[in-house]
Ligand SMILES: CC(C)(COP(=O)(O)OP(=O)(O)OC[C@H]1O[C@@H](n2cnc3c(N)ncnc32)[C@H](O)[C@@H]1OP(=O)(O)O)[C@@H](O)C(=O)NCCC(=O)NCCS
């Protein structure tokens, strides 16, 4: 299935919120990050979303959701790969995510589980970490480029 992947426009906000909510994911604070939300379009219909919350050189990948009637056809894969590409273009070094149910899915893209204590404070202060996702959610990390050498 060939969906077009594009940045969300202001007029997409309603459809993005609906799809994310239908997928049982939180919409808290989502529209604050509309410029870095990707949508998958099939014709005029939005069938998938994946968003980045940028926090300095780290980012939180959130709202990865595909309409239930088109799941299993590669839309989620192209969205996650496109979000990682966008993160690289935005000079992000580390991409984090929180999940309850999709650990194995995100391992396909090189994400590995991580202790919450190893997440930068700026990200831990985000809405997702403080309010939206209970502390039992698994944190995962995909490093896009190496950490800088510590200065001596
Ligand atoms: C997770 C999700 C985005 C995947 O989208 P998709 O378009 O169906 O994914 P793709 O078609 O690219 O990949 C399908 C493959 O992923 C697997 N997969 C889908 N969801 C999975 C999950 N939660 N855990 C492990 N594997 C999963 C499928 O079994 C399928 O495997 P196969 O390639 O061996 O057949 C979609 O199922 C969804 O919207 N789920 C509800 C929201 C959600 O849980 N999002 C993740 C939040 S952190």
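A few remarks follow.
- Across region 61-92, the number of residues qualifying as touching a helix residue (DSSP H, G or I) at 6+ places or on another chain (Cβ under 8 Å) and assigned to a loop (DSSP other than H, G, I, E, B) comes to 2.
- For residue 54: the one exception among (1) closer than 27 Å to residue 145 by Cα; (2) within 15 Å of the ligand (Cβ to nearest atom); (3) in a strand (DSSP E or B): (2)
- Scanning region 76-118 for residues that are away from the ligand (no atom under 15 Å from the Cβ) and touching a residue at least 40 places away in the same chain (Cβ under 8 Å) yields a total of 7.
- Selected residue (criterion: nearest to the ligand (Cβ to nearest atom)) from residues of region 24-33 that are out of contact with any helix residue (DSSP H, G or I) (no Cβ under 6 Å at 6 or more places or on another chain) and part of a helix (DSSP H, G or I): 30
- So residue 143, is it more than 16 Å from the ligand (Cβ to nearest atom), in contact with a strand residue (DSSP E or B) (Cβ under 6 Å, 6 or more places away or on another chain) and at pLDDT 95 or above: yes
- Which numbered condition residue 21 fails, given (1) surrounded by 15 or more Cβ atoms within 10 Å (Cβ to Cβ); (2) not in a strand (DSSP E or B): (1)
- Here the condition is being assigned to a strand (DSSP E or B), farther than 27 Å from residue 136 by Cβ, modelled with pLDDT of 95 or more and in contact with a strand residue (DSSP E or B) (Cβ under 6 Å, 6 or more places away or on another chain); of 39, 95, it holds for 39 alone.
- Selection status of residue 14, outside any strand (DSSP E or B) and either surrounded by 17 or more Cβ atoms within 10 Å (Cβ to Cβ) or touching a residue at least 60 places away in the same chain (Cβ under 8 Å) (or both): no
- Pair list, Cβ < 8 Å and 6+ apart or interchain, from region 29-41 residues that are closer than 11 Å to residue 62 by Cβ to residues that are exposed (fewer than 15 other Cβ atoms within 10 Å of the Cβ): 36/7; 36/90; 37/7
- When the residues of region 57-75 are filtered to those that are within 12 Å of the ligand (Cβ to nearest atom) and under 28 Å from residue 147 (Cα atoms), the one that is surrounded by the fewest Cβ atoms within 10 Å (Cβ to Cβ) is 64.
The values are calculated or read from the model by the stated rules, or taken from the named source; none is laboratory data. Not measured: the values here are computed from a predicted model. Neighbour counts run over all protein chains shown; Cβ positions are idealised from the backbone, glycine included.
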